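J.: Here it is: the structure, laid out below.
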Amino acid sequence: MMTAEWAEALAALTTGIYVLTVREGDFRHGMSSSWVTQVSGDPVLLMAAIDRRHLSHAIVERTGRFALNVLGRRGKHLEDFFYSAAARTPDNLEGVAWDDSPSGLPFLRGALLSLECTVRSTHPAGDHSLFVSSIEHVTSREHDQPLTSQDLEYVYVGEIVHRTSRPRRRDEVA
């Protein structure tokens, strides 16, 4: 069981903010994601942790592919949507601007950049699975500062923790 002290400590770990998107046939779906990191330099591999109860988990397991859309500060509206109850529907990309990646995965136009990923190995990790993946294609867009967990009023640490006060970033003026 997570204590308030543990939640506060975990919330201090900085993570990037992403929207992980999947496709299976004509079905496309997106989810807010923050548990992503690079795990190898040669070959370049990244790891995305997905809750086994999430719809995207089963699709990634079946297809072995996903797109990772890196959000910038100007793309915070995407995090706001994919975090919200409105995004908890099966086909939640309606109304969100996206283009197909070379293999047909949804690349969100409002993202800082998008990565097309192929799963190389899967590892169980508690209530999540770790999908270690190679990057097959990158689409970069406008320059922006990456959005991080420290920019949000909440953070996911296995459960949503709402901050009482958001830490101020170094580049913010008092």
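J.: Could you please find all residues in region 42-92 being within 19 Å of Thr15 (Cα to Cα), in a helix (DSSP H, G or I) and touching a helix residue (DSSP H, G or I) at 6+ places or on another chain (Cβ under 6 Å)?
T.: Hit for region 42-92 is Phe81, nothing else.
J.: While we're looking at this one, here's another question. Looking at Gly25, Gly16, Gly30, can you tell me which residue is of a type outside the set (Phe, Trp, Tyr) and without any contact (Cβ under 8 Å) to a residue 24 or more places away in the chain?
T.: Gly25
J.: Can I ask one more? Which residue is modelled with the lowest pLDDT, if the candidates are limited to region 146-164 and must be touching a Gly at 6+ places or on another chain (Cβ under 7 Å) and more than 25 Å from Leu55 (Cβ to Cβ)?
T.: Once the filter is applied, the top-ranked residue is Thr148.
J.: Hey, Arg109 hits all of (1) without any contact (Cβ under 8 Å) to a residue 40 or more places away in the chain; (2) surrounded by fewer than 15 Cβ atoms within 10 Å (Cβ to Cβ) but one; which does it fall short on?
T.: Here Arg109 clears every test but (2).
J.: Restricting attention to region 93-106, report how many residues are more than 19 Å from Leu71 (Cα to Cα) and either touching a helix residue (DSSP H, G or I) at 6+ places or on another chain (Cβ under 7 Å) or surrounded by 13 or more Cβ atoms within 10 Å (Cβ to Cβ) (or both). Don't jump to the end; show me each part of the working.
T.: Pass one, region 93-106, residues more than 19 Å from Leu71 (Cα to Cα): 102-104.
Narrowing the set further to residues that are either touching a helix residue (DSSP H, G or I) at 6+ places or on another chain (Cβ under 7 Å) or surrounded by 13 or more Cβ atoms within 10 Å (Cβ to Cβ) (or both) leaves 103-104.
Selection size over region 93-106: 2.
J.: On to the next question. Quick check on my filter: what residues within region 23-39 are hydroxyl-bearing (Ser, Thr, Tyr) and closer than 17 Å to Val138 by Cα?
T.: Thr37 - this is the single residue of region 23-39 that is hydroxyl-bearing (Ser, Thr, Tyr) and closer than 17 Å to Val138 by Cα.
J.: I would also like to ask the following. Can you name the residue in region 1-47 that is of a type in the set (D, E, K, R) and in contact with a strand residue (DSSP E or B) (Cβ under 8 Å, 6 or more places away or on another chain) and is also farthest from Arg62 (Cα to Cα) among such residues?
T.: It comes out as Glu8.
J.: Further question: Quick check on Arg62: is it more than 24 Å from Gly110 (Cβ to Cβ), basic (Lys, Arg) and under 16 Å from the mean Cα position of the chain (by Cα)?
T.: Details: more than 24 Å from Gly110 (Cβ to Cβ): yes; basic (Lys, Arg): yes; under 16 Å from the mean Cα position of the chain (by Cα): no.
The answer is no for Arg62.
J.: Next question, about the same structure. Would you please name the residue that is nearest to Arg120 (Cα to Cα), looking only at residues in region 1-56 that are touching a Leu at 6+ places or on another chain (Cβ under 6 Å) and of a type in the set (Lys, Arg)?
T.: Arg23
J.: If you don't mind, another one. Between Leu130, Leu152, Leu147, Leu115, which is surrounded by 16 or more Cβ atoms within 10 Å (Cβ to Cβ), under 14 Å from Thr21 (Cβ atoms) and under 15 Å from the mean Cα position of the chain (by Cα)?
T.: So the residue among Leu130, Leu152, Leu147, Leu115 that is surrounded by 16 or more Cβ atoms within 10 Å (Cβ to Cβ), under 14 Å from Thr21 (Cβ atoms) and under 15 Å from the mean Cα position of the chain (by Cα) is Leu115.
J.: Starting from region 123-145, keep only residues that are closer than 14 Å to Asp51 by Cβ and touching a residue at least 40 places away in the same chain (Cβ under 8 Å), then list their pairs with residues that are among the charged types (D, E, K, R) and in a loop (DSSP other than H, G, I, E, B) whose Cβ atoms are within a distance under 7 Å, requiring at least 6 positions of separation or different chains.
T.: Asp127/Arg52; His128/Arg52; Ser129/Arg52
The values are calculated or read from the model by the stated rules, or taken from the named source; none is laboratory data. None of the values given here were measured: they were computed from a predicted structure. Note: ideal-geometry Cβ built from the backbone for every residue, glycine included; neighbour counts use all protein chains shown.
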